[in-house]
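The values are calculated or read from the model by the stated rules, or taken from the named source; none is laboratory data. Remember, predicted model here, so these are calculated numbers, not experimental data. FYI the Cβ positions are ideal-geometry reconstructions off the backbone, even for glycines, and counts take in every protein chain you see.
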């Protein structure tokens, strides 16, 4: 399983699938489609082992395991890196670890040199205004509006709907979701078929859809502050997972995808009840008027972001509890 067999040929026998696992107080295992692809072992606050299947390296699995370890133990985290593996040292440095000295240790009867590394974790005093943040995906985390604008005309043609020109598309951004349906003359009975078609098209091009700059840092900051995160989206879960990637996925406690156009409110309530958070400690974040309406219907605080699909004016008319212009402002709304 390990690439160390190539980096340390004298110790290759220790890195085979037959080699027994070393004793550990905590063992965290990463799986993909129910198959193990990596694991991390802790002894106290020391990471004694971290291995990722070479076939799955470069996908953020190691980073996710380190973050899971940080959730498991308090205080500074330490680890040792064989000097034969500078790539691993660079990874840990990107994750906030610092060089803490060079040491020689015995490994399976042979002396080896290791870099000792430490990640300082000072106590940070933060006041949470909300304990659960329920996020929309498209227009809040994922910059998918350009894809939507490029494909909506073809979608309308396939379903026998009014085809909007560029001027109309821009004007629609200033309307509520119900007004948009009226302008495009979309009957409610056609919505499920249109949604299925759109999800399929989107999934096929999901690898080309980026997250907004700052989205990953926003999720990391809330997670570090102990805020629970959930995601409720009309998009498919497969597309959401493809775009988010392993690092962002590890931050989110609940996914409820495939929501109907006006069907988010009961999903908001279900997530809140499953996670056991008081209604007054929940905020729902979206970029469309229907997100504001759903939060209000569920009895939760609403925050509308201005960098998504709907214009600021359309969102103001919807009267969210908060209107925010960037991830920094959104973070400050949630934690002080």
task: Could you list, in sequence order, all residues of region 41-65 that are within 22 Å of the chain's Cα centre (by Cα) and either farther than 18 Å from residue 22 by Cα or in the same structural domain as residue 248 (by TED's automatic domain parsing) (or both)?
output: 56, 57, 58, 59, 60, 61, 62, 63, 64
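Of all the strands (runs of 3 or more DSSP E) wholly in region 30-126, which have at least 2 residues that are in contact with a helix residue (DSSP H, G or I) (Cβ under 8 Å, 6 or more places away or on another chain) and surrounded by 18 or more Cβ atoms within 10 Å (Cβ to Cβ)?
Counting at least 2 such residues, we get 35-43, 46-52, 77-82, 110-119.
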query: In region 141-172, which residues are part of a helix (DSSP H, G or I), surrounded by 14 or more Cβ atoms within 10 Å (Cβ to Cβ) and either in contact with a strand residue (DSSP E or B) (Cβ under 6 Å, 6 or more places away or on another chain) or touching a residue at least 24 places away in the same chain (Cβ under 8 Å) (or both)?
result: 145, 147, 148, 151, 155, 156
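Quick check on residue 141: is it closer than 28 Å to residue 265 by Cβ and in contact with a helix residue (DSSP H, G or I) (Cβ under 7 Å, 6 or more places away or on another chain)?
Numbers: closer than 28 Å to residue 265 by Cβ: yes; in contact with a helix residue (DSSP H, G or I) (Cβ under 7 Å, 6 or more places away or on another chain): yes.
Spelling it out, residue 141 is indeed closer than 28 Å to residue 265 by Cβ and in contact with a helix residue (DSSP H, G or I) (Cβ under 7 Å, 6 or more places away or on another chain).
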- prompt: Restricted to region 177-209, and to residues that are surrounded by fewer than 13 Cβ atoms within 10 Å (Cβ to Cβ) and outside any helix (DSSP H, G or I), which residue is modelled with the highest pLDDT?
  reply: 187
- request: Answer yes or no as to whether residue 239 is surrounded by 17 or more Cβ atoms within 10 Å (Cβ to Cβ), touching a residue at least 60 places away in the same chain (Cβ under 8 Å) and touching a helix residue (DSSP H, G or I) at 6+ places or on another chain (Cβ under 9 Å).
  value: no
